[in-house]
1. Consider the stretch 137-165. How many of its residues are in contact (Cβ under 8 Å) with a residue 60 or more places away in the chain and in a helix (DSSP H, G or I)?
2. Can you name the residue in the stretch 252-267 that is touching a strand residue (DSSP E or B) at 6+ places or on another chain (Cβ under 6 Å) and assigned to a loop (DSSP other than H, G, I, E, B) and, of all such residues, is nearest to residue 44 (Cα to Cα)?
3. Hey, could you check the stretch 345-373 for residues that are of a type outside the set (Gly, Ala, Ser) and more than 15 Å from residue 436 (Cβ to Cβ) and say which is surrounded by the most Cβ atoms within 10 Å (Cβ to Cβ)?
4. When you check residue 300 against the structure, is it assigned to a loop (DSSP other than H, G, I, E, B), assigned by TED's automatic domain parsing to the domain that holds residue 383, touching a Lys or Arg at 6+ places or on another chain (Cβ under 6 Å) and at pLDDT 95 or above, yes or no?
5. Of all residues in the stretch 98-145 being β-branched (Val, Ile, Thr) and crowded, with 19+ Cβ neighbours inside 10 Å, which is nearest to residue 193 (Cα to Cα)?
6. Being buried (at least 21 other Cβ atoms within 10 Å of the Cβ) and in the same structural domain as residue 363 (by TED's automatic domain parsing) narrows it down to one residue among 275, 286, 314; which is it?
7. Name the single residue, out of those in the stretch 46-80 being of a type in the set (S, T, N, Q) and outside any loop (DSSP other than H, G, I, E, B), that is surrounded by the most Cβ atoms within 10 Å (Cβ to Cβ).
8. Return a yes/no flag: does the stretch 95-104 have any residue that is outside any loop (DSSP other than H, G, I, E, B), of a type in the set (Lys, Arg), touching a Pro at 6+ places or on another chain (Cβ under 9 Å) and in contact (Cβ under 8 Å) with a residue 40 or more places away in the chain.
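The values are calculated or read from the model by the stated rules, or taken from the named source; none is laboratory data. Computed from a predicted model, the values in this text were never measured in an experiment. No Cβ is skipped: glycine too gets one built from the backbone with ideal geometry, and neighbour counts run over all protein chains shown.
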Amino acid sequence: MIPPLLLAATPPPAAPTTLVRPQTVAPLPGALDGVLMLNDNNPELITAPGILLSTFPAAGRPEPRAHLDVALNGRFDLFSHHVYAGKPESLDSTLWLAVLAQPRGTEPVTLKLLAGSTALSQATDRVQPSAPFLPLPAVLPQDGSTFSGPGSRVATELLIRQRSPLLPDQWQLPPNRATTLVVLPLPVKGLDPLLNGRNLQLRLVSSGPVSVATLAAFGTGDQPPTPESWAPMLNGPLSPKEHTPTPRGSKGQLIYSRVSGVQVGSIWRTSLTDPGKRWLSASRAPISWPISSLERGSLGSGQVQTAELQALYPGTAWAAHGNYGVEYDLSIPLRNDSKAPLQLQLAFESPLKSDQPLGGLRFNTTPAKAVMFRGTVEVSGLDDGTGKPMGRRGFHLIQRAGQQGPALGTVSLAPGAQRQLQVRLIYPADATPPQVLSLLRVKQSPTNPASSQP
């Protein structure tokens with residue numbers, strides 16, 4: 001007979017690591033606009049100088065495959081995000097990035113900067129703006145100087161309508177030659193490890209058709225290449241690409257790759273309403289809408305928001321997975337059509353990625369290590385819990401995989417009352433899609449006056 005103390009105890013059942021919050025997951029109404037965006041993100045890690053992206057005509061060029069031959073006219077954007085790891089033989093090397101533009105016709109063109117920002121991961125001097133990847137709290141008020149990573153800073157500055165002092169407000173482009181718009185360093189001197197990144201985003205409008213290119217080159221020491229050396233690089237090769245994607249429609253593992261091309265869509269502006277109505281019934285909460293949903297990441301909504309590409313390089317992503325640099329401008333005309341007061345919470349969340357309907361959204365029950373979102377969300381129309389609106393507010397969020405909330409604020413509605421909410425964000429580099437915008441019910445009780453429930 002085995003003594004009782006030696007009997008193996010039955011272990012308690014393991015606590016679940018995830019939960020499904022029952023709720024509606026609805027497709028985001030509307031669609032991307034038709035503004036073209038140069039999406040320059042492949043290679044992310046630049047290993048050799050050359051052309052990164054070019055919309056110049058290919059005819060007559062020694063390397064025609066390096067040019068996408070797309071005319072840009074009127075409104076267009078540029079999104080550029082790259083990393084440089086230094087040269088092993090030189091601990092103080094600097095890689096230089098340049099943007100060039102040239103009229104497509106025989107007349108000069110005026111190119112105006114409507115908005116623009118750029119930042120390094122780490123600056124090595126006081127001139128270059130930077131945004132290190134700081135371990136910030138999950139939510140902080142956005143005062144215009146709260147960032148974590150260059151993508152976070154650039155998207156935030158565009159959102160709050162700040163323009164980098166490094167960027168002119170316009171350029172005059174003479175015909176028949178390429179004009180250098182900006183030259184920006186990617187330095188690694190004094191950094192450990194030898195790694196730095198730069199994000200650049202421009203919103204532009206031209207008075208006529210132009211070609212645009214982004215280039216990478218080394219100078220001499222920490223000095224940039226000479227001004228006259230950039231244009232001849234348009235006759236040179238492409239900088240090597242990376243991460244060949246899984247072909248569209250393939251089964252099994254999906255490698256998205258990174259984007260190098262011209263996408264169609266810069267802003268998703270829409271109103272979130274009930275079908276056929278001009279308002280959203282507050283009784284539909286809990287409800288969430290995907291933000292930056294993508295192939296195999298629709299969260300059960302059946303909606304892929306990814307911008308399509310008008311032109312792209314072989315061996316790069318076949319769509320703009322992640323919608324980096326895209327602005328979401330969302331109106332929510334809420335109405336309490338019930339006979340009782342309602343209080344809702346507005347939240348921006350990072351549920352676990354899925355594609356099939358789950359009857360809700362799946363979240364981790366304990367914090368994960370992987371950070372999925374670093375950026376700013378701007379909201380108008382929230383109240384202080386008593387129904388008094390608080391005006392426009394910005395929040396900088398750090399969200400981990402499978403993280404619920406936190407709530408950005410509350411909306412208190414008497415029976416029959418209406419409230420207009422406005423949510424804006426620019427999807428930042430250094431984030432991993434998808435996310436959701438959620439309206440959640442608030443349960444009222446004497447001991448817990450404001451806790452969300454499904």
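1. Residues that pass the stated criteria total 8.
2. So, considering only residues that are touching a strand residue (DSSP E or B) at 6+ places or on another chain (Cβ under 6 Å) and assigned to a loop (DSSP other than H, G, I, E, B), the one nearest to residue 44 (Cα to Cα) is 259.
3. The residue in question is 371.
4. In short, no.
5. Among them, the one singled out is 118.
6. 286
7. 54
8. no
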